[in-house]
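The values are calculated or read from the model by the stated rules, or taken from the named source; none is laboratory data. Fair warning: this is a prediction, and the values are worked out from it, not measured in the lab. Positions of Cβ are generated from backbone atoms using ideal geometry, with glycine treated the same way; all protein chains shown enter the neighbour counts. Remember, those area values only see protein heavy atoms, side chains included, never the ligands or the DNA or RNA. Shrake-Rupley method; radii C 1.70, N 1.55, O 1.52, S 1.80 Å.
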Amino acid sequence: MDKIRVLIAKIGLDGHDRGAKVIARFLRDAGFEVIYTGIHRTPQEVARAVIDEDVDVLGISILSGAHNTIVPRVLDYIRQYGGNPQDLVVLVGGTIPAEDIAKLREIGVDEVFIPGTPISEIIRFIKEKVAEKRGKL
Amino acid sequence: MGELTEKIREKRKEWEKECLEPWLSKTEKESRKFETLSGIELKEVYDPSDIAHLDFLGDLGYPGEFPFTRGIYPTMYRGRLWTMRLFSGFGTAEDTNKRWKMLLEEGETGLSTAFDFPTLMGLDSDDPLAEGEVGKCGVAVDTLRDFEILFDGIPLDKISTSFTINPPAGIILAMYTAIGDLQGVPRDMLRGTIQNDMLKEFHAQNTIVLPPEASIKLVTDIFEWGIKNVPKFNLISISGYHIREAGSTAVQELAFTIADGMAYVESAIERGIDIDRLAPQLSFFFNSHNDFFEEIAKFRAARRMWAKIMKDYGAKDPRSWWMKFHVQTAGCTLTAQQPLNNIVRVSLQALAAVLGGCQSLHTNSFDEAWALPSEEAVRVALRTQQIIAYESGVTNVVDPLGGSYYVEWLTDKIEKLAWKYIERIREMGNGSMLRGVLKGIENGFFVREISEASAKYQRDFEEGKRIVVGVNRFRINEKLGIPILKIDPEVERRQIERLKKVKAERDSKAVKENLEWLKSSAENGENLMPAIFEAVKSYATIGEIMGTLKQVYGTYRKPIII
């Protein structure tokens with residue numbers, strides 16, 4: 001199996017990137033190829049990177065409460081740029097109220113990880129989901 | 001002292017051999033390492049010989065006297081309790097004004113403003129980059145009009161206000177001063193704090209607009225202007241809080257904060273500012289994390305270090321040697337799981353802050369791993385402080401832990417470890433802390449140090465070495481259902497409408513002239529504050545003012561270091 005390629009993204013004005021960086025680091029240590037966007041990216045920039053870098057997984061880290069605006073925006077741009085979010089594993093991590101988690105799942109997010117989730121659990125989830133999605137392609 | 005210490009050392013050896021060792025050989029050993037959260041290794045027990053090298057009068061002394069280890073005031077909380085100041089703000093100025101009034105009615109004693117991300121980044125609410133973020137993490141402010149609403153019915157001569165904001169700090173200070181003028185409050189009665197700490201933004205928090213040198217210049221301009229115009233206002237809150245939240249250890253938090261403080265003081269001295277005029281308007285901001293005694297020791301060490309540093313910089317007024325500080329309990333320790341447990345975490349962290357001698361305290365609300373605090377959660381957070389203040393008895397005596405063998409040993413140990421870092425940074429700047437800190441920003445030193453510590457913390461958690469109750473131990477199947485504060489999506493539309501209205505009604509010629517003045521001030525290296533103040537009063541927007549500065553100084557993009 002090809003190495004799993006992951007893009008960890010910070011979108012919007014929030015600069016709290018401890019979570020994003022620690023995830024990026026641990027995924028890299030787990031053998032994934034990891035790209036971290038750095039802070040203050042726009043939805044367009046991240047969608048472009050998803051296409052250009054041909055990643056298997058997009059992880060969006062967000063604490064600002066703007067997830068209901070930002071996440072759908074990214075998925076729309078991926079479609080606009082000729083990609084299909086359904087071929088990707090889309091993950092969101094951060095401070096997300098329970099009822100918004102359901103909404104994000106509905107629009108195509110595969111899983112939402114709240115603070116305190118062990119990274120081992122995220123790694124396991126990524127491996128299973130990528131295998132499943134690659135199987136379908 | 002010498003003879004007694006010898007006796008104690010001998011007795012200790014005897015105790016280890018005759019009492020401890022036989023005990024350990026018979027009982028099961030705990031496999032875990034005994035160390036502080038910062039990784040300082042600990043003995044079973046501490047005795048007078050562990051602190052025999054300390055000189056009581058020179059290293060501890062009495063509260064209100066150099067080196068202030070035991071508190072900056074002689075009576076501390078017997079004279080006046082700390083200011084209970086809950087960080088709050090959301091939605092529009094109206095929403096926040098309402099929450100503030102509720103908190104004041106409930107017994108809060110100072111205001112603390114949380115701004116939304118567009119405001120923090122110096123963008124107007126109608127900026128495309130602001131979409132979805134207006135009013136979300138704090139209150140949206142575009143022009144002086146928002147401040148008029150925010151402070152409606154709040155007398156600025158009676159209450160002090162803290163503003164957590166950095167790149168646009170000068171704009172916000174100008175707005176507050178303008179509101180004071182409008183309310184007819186004499187300038188020397190305006191009290192509060194503007195965070196205005198750009199250096200830590202580069203290390204940790206990442207709310208960055210202008211490059212480091214321009215940022216320091218603006219901070220120093222605010223010092224120069226503030227000393228003359230608002231002489232009782234804290235012109236900076238030198239902050240370790242965010243450094244800690246980004247994953248640093250307690251020692252790093254302390255060392256980097258003090259290093260930043262030294263850099264600001266050096267920048268002010270280079271500008272020709274009288275250190276004794278500036279020093280009383282400096283304040284600090286620390287995190288209170290989980291390791292109870294390490295936090296108390298950190299606060300005590302911080303005070304002692306700063307007193308020595310200011311004396312060394314040539315400050316002569318004893319008040320210049322005081323380290324005044326605000327504390328916030330550690331947001332990063334709050335768990336989304338079993339949220340009520342957070343009330344206990346916050347209580348312990350707040351108690352450590354009080355035993356450490358803070359001047360002002362924010363207690364986090366139990367729901368903050370989910371969203372901004374609901375009214376009920378914020379009330380419990382305030383009550384936590386009130387229970388510590390009025391029921392626990394810990395405020396009856398100044399520095400009640402002073403003289404504890406362990407606390408004094410740990411205070412000294414943390415101080416020594418922090419000095420090592422400070423020396424390292426000073427070397428990076430060839431003897432200048434200002435250059436050293438700028439160098440450390442440029443070469444990624446701070447970011448890497450913090451990142452290493454945060455990875456270690458996470459690894460300990462993953463491996464179960466660090467137990468988080470309700471998360472990796474003592475879990476339950478729970479349905480997460482606490483009430484969550486929702487921000488009305490209408491907020492963004494209403495805020496943009498208000499901005500449009502202000503723009504239509506203001507004197508656009510005055511705005512244009514003031515912005516041109518600001519631009520030429522920046523180009524000519526003059527103090528930017530007089531032009532910022534006039535621009536604010538003519539209802540120029542935050543976006544217009546920061547935009548003008550960006551034209552001259554450029555914007556900064558942070559290098560990516562994982």
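When A:HIS16, B:HIS326 are compared by accessible area at a 1.4 angstrom probe, the order from most to least is A:HIS16, B:HIS326. Average accessible surface for the range B:383-470: 48 Å² per residue, computed with a 1.4 Å probe over protein heavy atoms with every protein chain in place. Using a probe radius of 1.4 angstrom, the carbon and sulfur fraction of the accessible surface of the range B:270-350 is 57%.
Quick one: Cα centre-to-centre distance for the range A:72-96 and the range B:504-561, in angstrom? Centre-to-centre distance over Cα atoms comes out at 37 Å. Within the range A:2-19, the residues that become at least 30 Å² less accessible when every protein chain is included than when their own chain is isolated (1.4 Å probe; DNA, RNA and ligands ignored) are A:LEU13, A:GLY15, A:HIS16, A:ARG18. Relative to one another, the C-alpha centroids of the range B:276-321 and the range B:442-478 are positioned 28 Å apart.
Ordered from largest to smallest accessible area (heavy atoms of protein chains, 1.4 Å probe), the residues B:LYS308, B:LYS501 come out as B:LYS501, B:LYS308. Note on A:108-117: average number of Cβ atoms from other chains within 10 Å of each residue's Cβ is 3. Buried on complex formation within the range B:367-387 (loss of at least 50 square angstrom of accessible surface versus the isolated chain, 1.4 Å probe, ligands and nucleic acids ignored): B:TRP370.
Annotation: peptides B:57-69, B:4-16, ranked by per-residue average of other Cβ atoms within 10 Å with the highest first, follow the order B:57-69, B:4-16. Overall, the accessible surface of chain A at a probe of 1.4 angstrom is composed of carbon and sulfur to the extent of 48 percent. Using a probe of 1.4 Å on the protein chains alone, the accessible area found for A:HIS40 is around 40 Å².
Averaged per residue, the range B:509-562 has 45 square angstrom of accessible surface, using a 1.4 angstrom probe with ligands and nucleic acids left out. Karplus-based coupling profile of the range B:111-127, in residue order and whole Hz: 9, 9, 9, 9, 9, 6, 5, x, 4, 4, 8, x, 10, 6, 5, 9, 6, with θ = phi - 60° in 6.51 cos²θ - 1.76 cosθ + 1.60 and x standing for Gly or Pro.
Taking a ≥ b ≥ c as the square roots of the eigenvalues of the Cα gyration tensor, an a/c ratio below 1.5 marks chain A as rounded. The range B:347-374 and the range A:1-31 have Cα centres spaced 30 Å apart.
How much of the accessible area of the range B:412-537, probe 1.4 Å, is carbon plus sulfur, in whole percent?
Percent of accessible area from carbon and sulfur atoms in the range B:412-537: 50.
Taking 1.567 mPa s as the viscosity and 4 °C as the temperature, the Stokes-Einstein diffusion coefficient of the range B:73-144 based on its alpha-carbon Kirkwood radius rounds to 96 µm²/s.
Would you mind getting the accessible area per residue of chain A, heavy atoms of the protein chains only, 1.4 Å probe, in Å²?
Values: 5690 Å² over 137 residues.
Ligands and nucleic acids excluded, the result is 42 Å² per residue.
Accessible surface buried at the A:B interface totals approximately 3400 Å², computed with a 1.4 Å probe on protein heavy atoms.
For GluC sites (Glu not before Pro), the sites in the range B:501-562 that DSSP calls loop and that have at most 16 other Cβ atoms within 10 Å are B:GLU526. In the range B:120-139, comparing the full protein assembly with the chain on its own, the residues that lose 20 Å² or more of accessible surface at a 1.4 Å probe are B:MET121, B:LEU129, B:GLU131, B:GLY132, B:GLU133, B:LYS136, B:CYS137. Between rounded, prolate and oblate, where does the range B:330-431 land on the alpha carbon gyration tensor, with a ≥ b ≥ c its root eigenvalues, rounded for a/c under 1.5, else prolate if a/b exceeds b/c? Oblate, because a/c is 1.5 or more while a/b does not exceed b/c. Going by accessible surface with a 1.4 Å probe and the largest first, A:VAL130, B:VAL398 read B:VAL398, A:VAL130. Screening chain B for DSSP H helices whose Cα atoms reach 24 Å or more along their own axis and whose mean Kyte hydropathy is at least -0.5 gives B:212-229, B:250-271, B:292-312.
Inter-chain neighbour count for A:31-44: the average number of beta-carbon atoms from partner chains within 10 Å of each residue's beta-carbon is 2.
Please average, across the residues of B:457-466, the number of beta carbons from any other chain that are within 10 Å of each residue's own beta carbon, and give a whole number. Neighbouring Cβ atoms belonging to other protein chains average 3 per residue here. Just check the protein assembly as shown against the gyration tensor rule for me: Cα atoms, a ≥ b ≥ c as the square roots of the eigenvalues, rounded for a/c under 1.5, and otherwise prolate or oblate depending on whether a/b exceeds b/c. Note, shape of the protein assembly as shown comes out oblate.
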